[in-house]
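Worksheet: the structure to be examined is printed underneath.
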Amino acid sequence: MPAANDIAPAPRHERSDADWERLLSGLLEELSGVQTDLLALLAKKRAMLMASDRVGLVALQPEEEKLTQRLSDCQERRAELLAEAGGQGKPKADLRMLAASLEGAARLRPALRSAQQRARLVQHHSLANWVLVQRTLLHLSQMVEIVATGGRKPPTYQKKGPAAAGGSLLDHAV
């Protein structure tokens, strides 16, 4: 009986270009669906942010978590495909290079281009939502400052000593 370390790993099945094309096409199709759903979610979220719909935003969380998991699954699948491609002597840096090395590269190019364009669009929509949130936070910060100072801006400098600190939240005498 051979020792455990004497057993050679089973040879890996070499995939044909048609197999790689099918796998990449499937991954790109799934990614396309996730990106489309994510763009729709970001649009809903932006509308809710503009309407200050806190209840609606909280209700979006389960959908966001599902999309996050789907994106994570796509990323994991991508990493597995690239690792396997590298093991078979194919380009492993990115999907575009792997696709370009296949005989059917021209058929995959539109899907790759579309996925890249949607990724840029997702970034743009995410940035727009981030800007909305930052504007809201700035507005709330200014409101807190108005309440804290009683709406009066204290002078930066005074002739006698430092400017007095206080306000309706800090000083009941005001």
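The values are calculated or read from the model by the stated rules, or taken from the named source; none is laboratory data. Everything quoted here is computed from the prediction, not taken from an experiment. Cβ atoms come from the backbone with ideal geometry, glycine included; neighbour counts cover every protein chain shown.
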Would you confirm whether any residue within the stretch 50-62 is part of a helix (DSSP H, G or I) and among the acidic types (D, E)? no
Which members of the stretch 11-48 meet the condition of being among the hydroxyl-bearing types (S, T, Y) and in a loop (DSSP other than H, G, I, E, B)? S16
Tell me, yes or no, whether the stretch 118-136 has at least one residue that is assigned to a helix (DSSP H, G or I) and modelled with pLDDT under 85. no
From A43, A93, residue being within 27 Å of L137 (Cα to Cα), modelled with pLDDT of 90 or more and out of contact with any Phe, Trp or Tyr (no Cβ under 8 Å at 6 or more places or on another chain): A43
